[in-house]
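Have a look at the structure below, then the notes.
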Amino acid sequence: MRISLFITCYNDTLFPETGKSVVRLLERLGHQVDFPLEQTCCGQMHYNTGYQVEAAPLMPRFVEIFKDAEAVCIPSSSCVAMIRDHYPKMAEAIGDPGLLKAVDELLPRIYELSELLVNKLGVEDVNAYYPHRVTYHASCHSLRSLHLNDLPLRLLRKVRGIDLVELQGIDQCCGFGGTFAVKNGDVSAAMLADKLRCVENTRAEVCTAVDNSCLMHIFGGLHRQRTGIKTVHLAEILASTEEEASQ
């Protein structure tokens, strides 16, 4: 399959290893990956902060860039949620029937990484090897918008060498929420403290998730407390192999 990769703003600027890992993983599974260089933001940050007029031009741009893609892989549940939940409303507000049709045709081909692997490609064992104690944090968009449920965990359970530990309060928000963490700093910090306590109680070496925005927030707290616990995107774990670990 020819799969187009959309890299979110966080992954592009702060966590480039996530995108590289997606490419390595999908190519290892025998798929061709292309990366449209003209891609930009999906508009989520603008839209969720109240700048919906400013976000509007980014929607038809995204649709035009990916309209011919066989499948679009996005390693961020929040960006997938933005596209699925809001692009149809944005297209309807613009009042262009052709654009609305293009959005409707594109949406079934938009996938978060674990959705693509399990639901579209029918793969749970990706021949990964990751000899570390790991816990998984379920981000809000992955649970409440995409309803991924246990898809990421099903992939993690098949990873060789992993010691996967259940996270207490897995369904509780980490407190990031984009600009929520800025506008409501005290509440965000309290929510983060609860999440950090749960992560530390697992005695995990690594905390993983499908959203680097959550992982950035969680890592900040873990780092300030000098816990030594790392945060790693799911894609990086799934892309790891025994051959790479031995080098």
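The values are calculated or read from the model by the stated rules, or taken from the named source; none is laboratory data. In this text the structure is predicted, and so the values were computed from the model without any measurement. Cβ atoms come from the backbone with ideal geometry, glycine included; neighbour counts cover every protein chain shown. Calculation scope for accessible area: heavy atoms of the full protein, side chains included, ligands and nucleic acids excluded. Shrake-Rupley method; radii C 1.70, N 1.55, O 1.52, S 1.80 Å.
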Region 118-179 and region 197-238 have their Cα centres apart by a whole-number Å value of 12 Å
For Leu164, residues with placed amide H under 5 Å, excluding near neighbours: Val134
Which whole-number percent is the relative contact order of the chain (Cα, under 8 Å, 6+ apart)? 20 percent
Under a cut-off of 12 Å between alpha-carbon atoms, report the aspartates and glutamates in cross-link reach of Lys67, not counting same-chain residues fewer than 8 places apart. Asp104, Glu105
If you keep only loop residues by DSSP, which GluC sites (Glu not before Pro) in region 24-63 have at most 13 other Cβ atoms within 10 Å of their Cβ? Glu38
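Run the accessible area of the chain with a 1.4 Å probe and give the carbon-and-sulfur part as a rounded percent. It would help to have the intermediate numbers written out before the result.
Details: 5890 of 11690 Å².
Carbon and sulfur atoms account for 50 percent of the accessible area of the chain.
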Quickly rank 129-138, 92-101, 156-165, 56-65 as a protection proxy: mean count of other C-beta atoms within 10 Å, highest first. 129-138, 56-65, 156-165, 92-101
Any lysines whose Cα falls less than 18 Å from that of Lys195, other than same-chain ones fewer than 8 residues away, would be Lys230
Taking Cα pairs under 8 Å and at least six residues apart, what relative contact order does region 138-247 come out at, in percent? 25 percent
If packing is taken as the mean number of other Cβ atoms within 10 Å per residue, what is the order of 205-215, 188-198, 111-121, highest first? 205-215, 111-121, 188-198
Order the following by accessible area, largest value first: Asp68, Asp34. Probe radius 1.4 Å; ligands, DNA and RNA are ignored. Asp68, Asp34
